[in-house]
Amino acid sequence: MNNGFFARRYVIQGIFIAVALLLAIRLFYLQVIDDSYLLSANNNVLRKMVVYPARGVILDRNGKILVQNEPVYDLMVVPREVGNIDTLELCRLIDIDLEGFRKRFNKAKSFSPYRESVFEKQLSSQTYARLQEKLFQFRGFYVQNRTVRSYPDSIAGQFLGYINEVNDKDIERSNGFYRPGDYIGVSGVERAYEEMLRGQRGVQNLMVDALNRPKGHYMDGKYDTLARAGEGLVSSLDLEVQKLAERFLKNKRGAAVAIEPSTGEILAFVSSPSYDPNLLVGREKGNNYMKLLNDPNKPMFIRPIQAQYSPGSVFKVVSALVAQQAGMLNEKTIFYCGGGYHYGRGHVMRCMHVDGSINLIQAIQHSCNTYFGYTYATMLDKRKMKPEKAYSLWREAVMKFGIARDLEIDLPNERKGLLPTADFYTKRFGNANWTSSFNISNSIGQGEVEITVLQMANIMAIVANRGYYYRPHLIKSIGEDHVIKKEFTEKIDVGVEERYFEPVIEGMSRVVNVPGGTGYSVRIPGIEMCGKTGTAQNPHGKDHAVFFAFAPRENPKIAVAVLVENMGFGGSWAGPIASMMIEQYLKDTITMPKAIQERVLNGNNLYVPEEEKSTSGTVAAVQNKSKQTNRQKDTTNQQASLKAVLNKND
């Protein structure tokens, strides 16, 4: 009997021990492992408020604001804390519908019932003001301050870039620096200088009452951390020059770049068509982005560094310089131009006119294809070495001018252009016995040669400096200490002696300043501008208008390249824009005749979708279509008269 009693006692004790153990395990789980009750309790008393830093502002070179910050407000929610609220009233206050409320709330609940998450992003100041008066009625909801970018002059969209909320890859790459809800630079300067601009977030621990109203900082802010604003940037852009160039390139596909030769600082960086960067801010950002992305004129495409063009006449400047340095040419070298350069079996690379016997200066002045055909042939065929080897030496000398290589501008996704290797031609022609006649178009910047507008402007900076350049860059200095990146102070020599630049510069001066020159109509009173008009051949349609120049001749302050796609002659379209940019920068005024200004302003070469063409019934649309038709007829007539010309020049 006693044995039975003791057996039952052990069973009962075991049950009590098991229950006690289960209770202990459950208590341990609730207090140590499961933080839901702790979170709920803390949320009833404490609220952790992330303090987002203001991104650094961006100024132009004269201290004018290009990018600043303006306040917006994110409406946050802790789903478990939400009680019986007037849902319809909240929807009315923040301008959403009931279905939108449900979707947002369910998304927040699936993220975490106990943690705060964004319910509605970027409420405006006006919406916040309406909501703030009644926010105490909506338990579980509170507002978090943010800032977004604002662009006072709505310019330089491709240069400045835009910011967006981080994605999973951004968070992973940052090694934990970014968290969901943070913003990051996606393109342009915002991306290139993200680490300087972003700043460091802070945290405030606020005590709240039963109505979710803040009652002060926990422990008087002992555990708070301060947000640190991002570093400000001083850009190299001149706001007025940038605005002028964007105005005259409006409704055109093209690009313009201006550089200060003595520093490499970019004074203007225009990609057209452009877009208002304010479109990529706020609650309509997603819709606006898709419209820009699907626009057939590609406003998101950064033409100055991503579009590659046949350089045309600017390449003749480089050819003249490297030939002189190689000892194969000098300013007194004379070639005879009978209207074209004959090569191979009956082929002719024609000029626009018969120049007769001309020297180097005259060849630059008249942009003589024949002269530079002979120059190229001399470089490849008369150097007492195989043309393949001679071509490689020529290519190496040309590349020192920043062609077919990155200029390492402080923007992402720069393209380097194209200058084929000797192996490329050996494979194309099937053996290594090819000569200059096989790729003679290279001599005048046609054929396979392609460069960017940034590279064109940099070539002008090299000529202005008589033999060297600094890496083109868009940011002049960083932060309050005005830090300048070391790589932007490095002087890069192109391997051509200074004395060889003078005949080239004299020829360029005559283009603009001597009556009859192709750039004479865009000369600037009181300033000796050295320039060159050009027509860059385009295998996909009408030729591109090009103009490149620097000024003044002595102690140059600005070098410019302008390219307008599918508009024909450089002196008519690109030249006036470049001239006005230079005069604006040097004299802060414009003396270009009003008639020329109006003609350039009214030029339009944008693609128009077929549905827009068919539905445009207004008088203005008809008039615009008539103007485009007349321009097309004029261009067609010009093209027909030049049909036999293999490679054109001005």
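Read-outs: derived from the displayed coordinates by stated rules, not from any lab. None of the values given here were measured: they were computed from a predicted structure. Counting neighbours? That spans all protein chains shown, and the Cβs are built from the backbone with ideal geometry, glycine included.
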Directionally averaged projected area (convex hull, Cα atoms, segment 46-233), nm²: 12.2 nm²
Summed residue charge, Cβ within 14 Å of L233's Cβ, Lys/Arg positive, Asp/Glu negative: -1
Using the Karplus curve 6.51 cos²θ - 1.76 cosθ + 1.60 with θ = phi - 60°, what ³J(HN,Hα) values do you get for each residue of segment 193-205, in whole Hz, with x for Gly and Pro? 10, 3, 5, 7, 7, 6, x, 10, 5, x, 9, 10, 9
Going by how many other beta carbons lie within 10 Å of each one, how would you line up F141, F101, F301, fewest first? F301, F101, F141
Would you mind checking the tilt of helix 2-28 against the longest principal axis of the Cα atoms of the chain, expressed as 0 to 90 degrees and rounded to 10? 40 degrees
Any chance you could give the angle, 0 to 90 degrees and rounded to 10, that helix 239-249 forms with the longest Cα principal axis of the chain? 70 degrees
Taking the alpha-carbon centroid of each part, what is the distance from segment 403-445 to segment 225-278 in angstrom? 30 Å
What are the equivalent ellipsoid semi-axes of the chain, built from the alpha-carbon gyration tensor (square roots of five times its eigenvalues), in whole angstrom, biggest first? 65, 29, 23
Which of the aspartates and glutamates could a cross-linker span from K250 if the Cα-Cα distance has to be under 16 Å and same-chain partners fewer than 8 positions apart are dropped? D153, E240, D276, D295, E565, E598
Within straight-line cross-link reach of K427, lysines at Cα separation under 22 Å, skipping those fewer than 8 residues along the same chain: K386, K389
Past 18 Å, Cα to Cα, is the threshold; run K400/K485; K64/K476; K252/K476; K252/K285 against it and keep the listed order. K400/K485; K252/K476; K252/K285
Relative to the chain, whose Cα atoms define the longest principal axis, helix 501-513 and its Cα axis are tilted in degrees, nearest 10, by 90 degrees
